[in-house]
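Notes follow once the structure below has been shown.
What follows draws every value from the coordinates through simple rules; no lab data is involved. Fair warning: this is a prediction, and the values are worked out from it, not measured in the lab. Reconstructed Cβ throughout: ideal geometry from the backbone, glycine too, with neighbour counts over all protein chains shown.
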Amino acid sequence: MNIIDPAVQTTTIKPWENGQSENKLESACQEFEAFFINALLKSAQKANPKCGLFDDQKESEMYSSMMNMEFAKSISSGGGLGLGGILFKQLQTSD
């Protein structure tokens with residue numbers, strides 16, 4: 001008795017096209033760069049002394065965090081520090 005469906009046995013898996021996987025890799029490298037830039041902005045913000053009307057409130061911290069992430073995404077998508085491009089070249093498969 002064969003418990004495996006014969007239709008499943010003859011199914012072939014279509015390999016990823018190079019363009020698709022390279023686009024995903026490039027996007028992941030850009031997202032990593034944005035994450036790194038966000039960490040830099042967060043560190044810089046902690047070094048800046050708080051002096052203002054809303055600096056001690058949780059809402060202000062949340063807003064600053066969201067603003068830093070958007071700045072990081074914008075910087076990264078505009079070329080950034082070049083870290084995303086370096087990572088992409090290092091991780092890209094050479095055929």
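Values as computed for the structure displayed
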| quantity | calculated |
| --- | --- |
| Extension gain (nm, one decimal) between Leu91 and Ala39, 0.36 nm per residue minus Cα-Cα | 16.5 nm |
| Approximate spin-label separation Leu25-Met62, in nm, with each point projected 7 Å along Cα-to-Cβ | 4.0 |
| Karplus-derived HN-Hα couplings along region 37-47 (A = 6.51, B = -1.76, C = 1.60, θ = phi - 60°), whole Hz, x at Gly and Pro | 5, 4, 5, 5, 5, 5, 5, 5, 5, 5, 6 |
